[in-house]
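Only the coordinates and a few stated rules stand behind these numbers; no lab work does. Everything numeric here is computed off the predicted structure, so don't read it as measured data. Neighbour counts run over all protein chains shown; Cβ positions are idealised from the backbone, glycine included.
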């Protein structure tokens, strides 16, 4: 290629764009290496050839003719002239052509420098991206829950039809705006903003963030917001998908159910309070030796009431999570340890197991009875540990209530309240369809091991105490 | 001996609470709703401790409102709430500072401990 100095020649030979120089009659005077490589031709075939004749007239393209014959004669340079053509040697290509007139002292007629960049792949990628985007938009528009796609600067790229319809805004009103700026700023909640800022950089999805507010045209609504990072293969730019689930009706049903539960709980507790009161009233006129029995009865009624609360906190549908239930029992019992018992700790070690809610009360009463016995009798010095544990052994739950106290000196000598406590334990175990595993002799402490069936015994076959 | 105002809309429960508290040597006043309780609190009658149910008749948090007004009138008043309902963190946030909660059903022992602890504070 003829260029004024060697450095310019080196540059010309190394640039990735194809370069050719034409004389005023559109004959090719030179081309660079990139041109020969891209169009699979050689200097011999190219130099001196008329541009339209080159390569079996494959450059005789109407768009190129327009550029060379109609545009260039009137302008010193043209940039970004796009030519799409089916080249017999290399197939269909999209070329971006820059043209510039060059005048030199020894060539007063001037030449034309054409820089040709093959942008076929980029254009194909752009078309593919556009098709993908249209597909994504169609999917987005078919989802019934309103959703938006956000850029990493939290501005909206697109909103689904459901979003636009439900919130009564146009696509133009959403694009480029932040979610927090929409409507009457209902989504401008600091906690939500904080969570959204973590979705892309830390890939931390938002799960069920609830917002309740008055929405124009909708009234009071509760929305559940979920967000996650979305990425396109081969593209390092990430976006966020933010979905708005209208849970107003579900929330109302939950609130109604909760209100009903609270009302029933209130009535039950008040009625139990009346029973405790009746017992207290009777105890007032009862001879001293019997008062202890009345008090024990009051405590057990209190335990049943407390268990109902704990069950409601550990219930998963028709079953109760044993581990959570034991934790709640331990917490409630620990909270009641004061004075001489304040050095006693109650710990839980339980596998994630479930029992049916019908058996939860006797199960809780059993644990309560055993743990209360340990607290009352195992620690004369007021310090020690009670461990409540549950694990699956075959098709059974093994419940263990253990303490590191003084141990039972003479198991056969229990009488009065202690004897009744043991009898209650036996009754609860039978009600639960379980067995008490005989304890090994321990140097210190007491271990009570009970095996209960995991599954509920069929109706009518339960081994309930006669 | 202390003077304790018991506010409870359940007559039997209120009377049994009175009986228990009197048996420990305290004097009791009683009210069945917020208005009756406020009348007592507005009088010159000495009152050391207010023992009130949270849910009073149709007022879900009637006991909370009553305690707030009572402490405004008598800043030194001790308050013991009671309820059979589950208590949420939102409800706890409405409790006046230095007050205590006794869950229903409470035994005479538990009531005595709570009353004793508040009067000793």
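Key figures
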{"item": "Degrees, to the nearest 10: A:248-284 long Cα axis against longest axis of chain A", "result": "20 degrees"}
{"item": "Choice from B:93, B:31, B:17 with maximal GNM fluctuation in chain B (Cα, 10 Å cutoff)", "result": "B:93"}
{"item": "FRET efficiency for residue B:94 and residue A:357, using Cβ-Cβ distance with R0 set to 30 Å, rounded to 0.05", "result": "0.45"}
{"item": "Order of A:311, A:72, A:329 - criterion: other Cβ atoms within 10 Å of each residue's Cβ, fewest first", "result": "A:311, A:72, A:329"}
{"item": "Footprinting exposure proxy for A:95, B:19, A:408 (fewest neighbouring C-beta atoms within 10 Å first)", "result": "B:19, A:408, A:95"}
{"item": "Cα pair distances exceeding 22 angstrom across the range B:3-120, given as percent", "result": "24 percent"}
{"item": "Peptide B:103-116, shielding by other chains (average Cβ, 10 Å cutoff)", "result": "6"}
{"item": "Of all DSSP beta bridges in the protein assembly as shown, antiparallel share, percent nearest 5", "result": "75 percent"}
{"item": "Percent of alpha-carbon pairs separated by more than 26 Å within the range A:123-246", "result": "18 percent"}
{"item": "P(r) histogram, all alpha-carbon pairs of the range A:6-118 included - 5 Å bins from 0, percent", "result": "2, 12, 22, 28, 22, 11, 3, 1"}
{"item": "Share, in percent, of DSSP beta bridges within the range A:251-453 that are antiparallel, nearest 5", "result": "75 percent"}
{"item": "Rotationally averaged projected area of the protein assembly as shown (alpha carbon convex hull; nm²)", "result": "47.6 nm²"}
{"item": "For chain B, built as a Gaussian network whose Cα springs stay under 10 Å, the top-fluctuating residue of B:102, B:77, B:61", "result": "B:61"}
{"item": "The range A:36-136: relative contact order as a whole-number percent, Cα under 8 Å and 6+ apart", "result": "17 percent"}
{"item": "Selected from B:106, B:81, B:55 as most flexible by GNM, with chain B as the system and alpha-carbon contacts under 10 Å", "result": "B:106"}
{"item": "Using alpha-carbon coordinates, inclination of helix A:322-335 to the longest axis of chain A, degrees", "result": "60 degrees"}
{"item": "Folded to 0 to 90 degrees: helix A:417-431 orientation relative to chain A principal axis, Cα", "result": "50 degrees"}
{"item": "Inter-site label distance for residue A:181 and residue A:253 at 7 Å from Cα along Cβ, in nm", "result": "3.9 nm"}
